[in-house]
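Remarks on the structure that follows.
Please treat every number below as a calculation from the coordinates, not as lab data. What you are looking at is a predicted structure, and each value in this text was computed from that prediction instead of being measured. For neighbour counting, all protein chains shown are included, and Cβ atoms are generated from backbone atoms with ideal geometry for every residue, glycine included.
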Amino acid sequence: MVNSWTDVEDIALCEEWEEAMTDPPRRGHGGLWVRVQQIFAQLRGPDHNRTVDALSSRFRVLQLECERFDRYFKRVETEMSDLGEDDLKDVALIN
């Protein structure tokens, strides 16, 4: 039994979540994760081992990673905006 998540699974999980959030009937109790679980059955075949709990747990991990990236990106963006034109030229020369 393989428990590691593949990039294909992560992408499918995010895409299905996004699609379900724009489709009110699928947002009902359990509907979102049941639908995502069906997609995983199609991706991995009948022997897939992704439970509804595993799917929602993995999604939370991905959400936290995206939030962390967003914080870093905003920090870099702020630091870059504080640089003057001469500083930016120096950065360009380093790269």
>> How far apart, in nanometres, would the label points at Arg60 and Thr22 be if each is projected 7 angstrom from Cα along the Cα-to-Cβ direction?
In response: 2.7
> Arranged by the count of other C-beta atoms within 10 angstrom, fewest first, what order do Glu16, Glu79 take?
Replying inline: Glu79, Glu16
>> At 0.36 nm per residue, and after removing the present C-alpha to C-alpha distance, how many nm does the segment from Asp53 to Phe73 gain when stretched out fully?
In response: 4.2 nm
>> What does the charge count around Thr6 come to, taking other residues whose C-beta lies under 12 Å from its C-beta (Lys +1, Arg +1, Asp -1, Glu -1)?
In response: 0
> Which of Trp17, Trp5 comes first, and how do the rest follow, when ranked by fewest Cβ neighbours within 10 Å?
Replying inline: Trp5, Trp17
